[in-house]
Amino acid sequence: MRCHSASTGAREQGGPPRLGPESLTWRYFGDWRGLLQGLWAGSMQNMHPGLGAAVEEHSRFFEERWERLLRSLYPIGGVVFDGERSAQTAAEVRGYHNQIKGVDKRGRRYHALDPETFYWAHATFFMGTILTADHFMGGLTEDEKRGLFDEHIEWYRRYGMSMRPVPESWEEFQAYWKRMCTDVLEDNVATRDVLDLSTLDVPPFAPWLPRSVWLRVRPLIERSFVWLTIGMYDEPVRELLGYTWTERDARRHRRVGQAVNAVFALVPRRYRKHPRARAGLDMSTGRRAADAPLVHTPQRNLPPPEHRDDPRHYSPDV
């Protein structure tokens, strides 16, 4: 597989940005429906040996699952939607990973800023966008997927990381993805922990929900989200994790996706978007000043006070 290099013309020579209000990425990324592939994204990332080891040995994710997920959406979305400040946001995201390194249980060294490892995480964001659009937003054409691939290169470049691991074309990316799913990903503790929702606490955005009620509905939520996730896995990943998927499952999955898309068709476009993405849309239309403060996560999603100075965490003053 060839990798992305300076020979790719305008994409490396400061050509017109591919990301902006008219881009496909702005259309499909940052939509609340993306939460429906959250388990998929977390498990796919953690199946990478380096990422799985880093999460197992460094992350507090499982101590505050809701909060970590919900606050992470802000800087991740900001890399796309923060306009002229997107590179600064990307540098902050990259900085959270500076100290995450070590040796896993099999003696393999890992570092979160290893180019192959960091790009894999980004590849799951890109593929997660495609899966969200395909399953819950009416579907994509092959040309749209190719366009999203081209835009994801500009998106990734904002992190200031080596472009060496990035495939040069949508077709080469598909080969890369197949190889990762077939030959590289592993079934590990971090992946199984992500897929285990049996201890998931009451969501911080629903403090009014009685815990007794939550404990009754949580098993249904767990089964539903894991099933939804299995339907988005590539077949080699299902086999790796020991899941089966039938034609009946596939039909039900399609009907669920169609229902989600029908419901969201009733929601105004601005409110389909996460607040950070919505702020970007508003800045692009003049509804919000271009130099207005960035939108940050609510205080309820912040790390515990004793961890807010940890450079591994996004913890804005709110």
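The values are calculated or read from the model by the stated rules, or taken from the named source; none is laboratory data. These numbers come from a predicted model, not from an experiment. All Cβ positions, glycine included, derive from the backbone under ideal geometry; neighbour counts span all protein chains shown. For the accessible areas, the whole protein counts, side chains as well, though only heavy atoms, and no ligand, DNA or RNA atoms are used. Shrake-Rupley method; radii C 1.70, N 1.55, O 1.52, S 1.80 Å.
Can you tell me which residue among THR124, THR141 is open to solvent by 20 Å² or more (accessible area, probe 1.4 Å), out of contact with any Ser or Thr (no Cβ under 8 Å at 6 or more places or on another chain) and of a type in the set (Ser, Thr, Tyr)?
One residue alone meets the criteria, THR141.
Across the range 131-148, what is the total count of residues that are in contact with an Asp or Glu (Cβ under 9 Å, 6 or more places away or on another chain) and assigned to a helix (DSSP H, G or I)?
5
Quickly run through the range 179-199 and pick out the residues that are more than 19 Å from the chain's Cα centre (by Cα) and assigned to a helix (DSSP H, G or I).
Listed by number, the residues that qualify are ARG179, THR182, ASP183, VAL184, VAL189.
Check the range 213-224 and report whether any residue there is aromatic (Phe, Trp, Tyr), in a loop (DSSP other than H, G, I, E, B) and over 30 Å from ILE100 (Cα atoms).
no
How many residues does the range 285-314 hold that are open to solvent by less than 60 Å² (accessible area, probe 1.4 Å) and in contact (Cβ under 8 Å) with a residue 24 or more places away in the chain?
The number of residues fulfilling the criteria is 10.
Right, ALA262: more than 19 Å from SER23 (Cα to Cα), part of a helix (DSSP H, G or I) and open to solvent by 40 Å² or more (accessible area, probe 1.4 Å) or not?
Judged against the criteria, ALA262 is a match.
Out of curiosity, is ASP234 in contact (Cβ under 8 Å) with a residue 40 or more places away in the chain and among the acidic types (Asp, Glu)?
Here the answer is yes, as ASP234 does meet what is asked.
Provide a single number: the residues in the range 32-72 that are basic (Lys, Arg) and either without any contact (Cβ under 8 Å) to a residue 12 or more places away in the chain or in contact with a Pro (Cβ under 9 Å, 6 or more places away or on another chain) (or both).
3
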